[in-house]
Each structure stands twice: as C-alpha cells, then as structure tokens.
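See below for the structure under consideration.
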Amino acid sequence: MNSLVNTPIAPAPLLADSRPMIDPFGRAVTYLRVSVTDRCDFRCTYCMAENMTFLPKKDLLTLEELDRLCSAFIAKGVRKLRLTGGEPLVRKNIMFLVRALGRHIEAGHLDELTLTTNGSQLARHAAELYDCGVRRINVSLDTLDADKFRAITRWGDLSRVMEGIEAAQKAGLKIKLNAVALKGFNDHEIANMLRFAHGRGMDLTVIETMPMGEIDEDRTDQYMPLSELRARLEQEFSLEDIAYKTGGPARYVTVKETGGRLGFITPMTHNFCESCNRVRLTCTGTLYMCLGQNDAADLRTALRASDDDAYLSAAIDEAITRKPKGHDFIIDRNNRPAVARHMSVTGG
Ligand code: SAM
Ligand code: SF4
C-alpha cells in the first residue's frame, strides 16, 4: 500500500462562519461534483476524440488539496459529493481521497459520497469503496454487446465492466446504470438493458447527448430525444411517473412489468436548470457553476494563497453569486460544441 494511504487524516474541519450557499436565483447549492482527473482508459466516441490532449500532471491539485477543497464545500453546506472524471478510478491513489472524504460521512456532515465510473477498475476497488462509506455508485454502460461496447468506448472490454458490476454488488454497493441514448446505436437495445438492470436489482437511467467538446463524430447523427425513446418503450412497458429523486437531474418512472426504476436525463428536450443544486470542480481547482456555461472561478489560487480556509470560503461565496440561471445547449447543425471543454473535464 502507498504511504499516502496510511497518512492519518485530520478531523473534518468546520468553518466558524459556515453559511448555506444560496445562489442569486434562490437555489441552495448542496451537491458538489468533482472531476478528479480528465484522463480515462476509454475513449467513448460521444465524449472524447481518439487523440486527446490531457492536462499536464503538474497542473493537478494534489489529493490532499482536493480533500481540503471538498471539505470546505462540506463545511458550507454540501451534503452530497460525487467523484467523477475522466475515469475517477484511474487517478493514482484515488482511494486516499475516498477514505479522507468518508470521514465526513462518519461525522454526519455529508449524506452521500458516491462516484460515477466506467466500471473498468471497479472489481479491485469495490470492497474498499464500501468500507470508506460509499453506498451507491453510477456505472456508465451504453450496450450489453461486447463488440458494440468496444466500438463505442474504442478501448473498453465489456467483460471487465461486468466483473466490476458483480464485485460491486457483492460488496454491498447499490448500482445505477447510466446509458447515453445514441440514435442507431443503442436506441433499440434500451428495452433489453432495462430487463438486464432490473433483473439484477439496478436502476437504469438514460441520458441525452450533450454538445460538449470536439469529438470525431457528428453529434446531430447521434442525438436521440428521450421523448421519442420513451414513446417507443411505452409500446412494450407500462411506465408510471414517480416523485423519486436522488439529488440529481433525472426524472423517474417505475416500470410495471419489471418493478424497477427508469430515469430520464433530458438536458436537451427538457431543461432542468430551475432546480439545479450543484456546482462542479475540476482537478485543477476550477469551479464551474454550470455544466453548460463557460464562466468559472479559480479556487486553486485561493486554496494556495493561505492555509486559512476563510480565504477559500470567500472565493467560494463569490463564485456562487455568479451561478447562472441555466444552460443554453442546442445540438448545432454546424456540429459546433456548445462549450469547448469535454465532459471529462467538468465530469458528467
Ligand atoms: N468515466 C466515467 C464514466 O464514464 O462513468 C465518469 C465520467 S463520464 C464524463 C460521466 C458520464 O457522462 C458518463 O455516463 C458518460 O456517458 C456521460 N457523457 C460523456 N459525454 C457526454 C455527452 N457529450 N453527452 C451526454 N453524456 C455524456
Ligand atoms: Fe471515459 Fe467516461 Fe468519457 Fe467514456 S464517458 S471516455 S469512460 S470519461
């Protein structure tokens, strides 16, 4: 085990002046998503180009700095924290950060610590994730066909993801599968994936593709409105809208035939910004107040300027005053991304 992992972790810091973060539109910010790396061991065609230029490693915050930043947000009212990426489990020593953040769960300052993963490294980390206080995870899976899986991820191996899912369930982690709906690729497979997920006690959420970052393909060809997908599923299943919420943007239905839950994330056809409760931190300490806007705050400078968290706290407060009302995603006919950065920078 690396020495970092054995480093004793300081108790959860709580700021004396901690106040809830309320944005200019009256929304409380209680959910932080952290992209711990922009790197990934897959190259999903809708997410990345095959030849990506990643951030220089020297620009990354250390895991200790990420812990300090996340802890400052928790002290200011964040109750749910999701690690994402890139692929969070490919960041070196990532379990050090997960364990460090787990102390906030133990102390009752955080309701949920979770992550979104492609599942490739899950088999070896599942038991430790549970031990650190993680109880639910999202696994991204767009197809159950090994050849199609290889095609969409370019580099991925479906059998490893399946092993990861099995190990995670064995470790006691609840899993939600996330599938990006891609026209002509998996739109006819979603019914099958639904049976697969529900048959194994997992929820399934389908997501519309968002125009983020330059990729090698045409997004207008890939885009599949979920209203269309839902109508198609309704020919086979009885879907009943429910009020179930996980703190994220998905709207859920129960599927009568399987007894399981199906979520829809529809940033394109139904904008969910009015109830947005989250902000996103990158691995270089940049805070994006909206996934679909370019405005950002540099928290790395504030973090490094002083050991006193008061400075950082003020920088976070200032950033929250700039949280915009919403995003303006459209699938542009000229195939231009709405924001230049890839999803892997801000995290999905
Ligand atoms: N690598 C991890 C994974 O795949 O789960 C975490 C990061 S990934 C960027 C998070 C989620 O964003 C995945 O479910 C992925 O399918 C989704 N995603 C990536 N690019 C997207 C895009 N342009 N539109 C919609 N979803 C996207
Ligand atoms: Fe990697 Fe996740 Fe993007 Fe796929 S969606 S390339 S697994 S970051």
(Q) For the range 183-201, give me the residue count where each residue is within 16 Å of ligand 1 (Cβ to nearest atom), open to solvent by less than 20 Å² (accessible area, probe 1.4 Å) and in contact with a helix residue (DSSP H, G or I) (Cβ under 8 Å, 6 or more places away or on another chain). (A) 3
Q) Name the residues in the range 245-262 that are on the phi < 0 side of the Ramachandran plot and within 15 Å of the chain's Cα centre (by Cα), would you? A) 246, 248, 249, 250
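Evaluate the following for residue 185: is it free of Cβ contacts under 8 Å to residues at least 24 places away in the same chain and under 30 Å from residue 266 (Cα atoms)?
When the stated conditions are applied, residue 185 does not pass them.
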Q: Specify the residue that is most open to solvent (accessible area, probe 1.4 Å); the eligible residues are those in the range 132-182 that are among the polar types (S, T, N, Q) and within 13 Å of ligand 1 (Cβ to nearest atom).
A: 140
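Out of the residues in the range 271-281 that are out of contact with any helix residue (DSSP H, G or I) (no Cβ under 6 Å at 6 or more places or on another chain) and surrounded by 20 or more Cβ atoms within 10 Å (Cβ to Cβ), which is farthest from residue 35 (Cα to Cα)?
Checking each candidate, the answer is 276.
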Q.
Please pick out the residue among 76, 57, 80 that is out of contact with any Lys or Arg (no Cβ under 6 Å at 6 or more places or on another chain), of a type in the set (Lys, Arg) and crowded, with 23+ Cβ neighbours inside 10 Å.
A. 76
Q) Hey, residue 43 hits all of (1) part of a helix (DSSP H, G or I); (2) charged (D, E, K, R); (3) in contact (Cβ under 8 Å) with a residue 12 or more places away in the chain but one; which does it fall short on? A) (1)
Q: Filter the range 261-318 down to the residues that are more than 24 Å from residue 63 (Cβ to Cβ) and β-branched (Val, Ile, Thr), then identify the one that is modelled with the lowest pLDDT.
A: 269
Q: Output the number of residues of the range 91-122 satisfying the condition of being more than 16 Å from ligand 2 (Cβ to nearest atom) and either open to solvent by less than 20 Å² (accessible area, probe 1.4 Å) or in contact (Cβ under 8 Å) with a residue 40 or more places away in the chain (or both).
A: 16
(Q) Looking only at the range 95-131, filter to residues that are in contact with a helix residue (DSSP H, G or I) (Cβ under 6 Å, 6 or more places away or on another chain), more than 29 Å from residue 191 (Cα to Cα) and in a loop (DSSP other than H, G, I, E, B); which one of those is nearest to ligand 1 (Cβ to nearest atom)? (A) 110
Q: Residue by residue through the range 24-40, note down the ones that are farther than 17 Å from residue 72 by Cβ and either more than 16 Å from ligand 2 (Cβ to nearest atom) or over 16 Å from the mean Cα position of the chain (by Cα) (or both).
A: 24, 25, 26, 27
Q. Do we find a residue being over 30 Å from residue 20 (Cα atoms) and part of a strand (DSSP E or B) anywhere in the range 134-145?
A. yes
Q: Could you tell me which of the residues 259, 201, 248 is of a type in the set (Gly, Ala, Ser), out of contact with any Gly (no Cβ under 7 Å at 6 or more places or on another chain) and within 30 Å of residue 25 (Cβ to Cβ)?
A: 248
**Q.** Cβ-Cβ under 8 Å pairs, at least 6 apart or on other chains, the range 295-317 side more than 21 Å from residue 24 (Cα to Cα), far side assigned to a helix (DSSP H, G or I) and among the aromatic types (Phe, Trp, Tyr)
**A.** 302/311; 305/311
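The values are calculated or read from the model by the stated rules, or taken from the named source; none is laboratory data. No experiment lies behind these values; they were computed from the predicted model shown. A quick note on method: Cβ atoms are made from the backbone with ideal geometry, for glycine too, and the neighbour counts reach across all protein chains shown. In case anyone asks, the SASA skips ligands and DNA or RNA and just uses the protein heavy atoms, side chains included. Shrake-Rupley method; radii C 1.70, N 1.55, O 1.52, S 1.80 Å.
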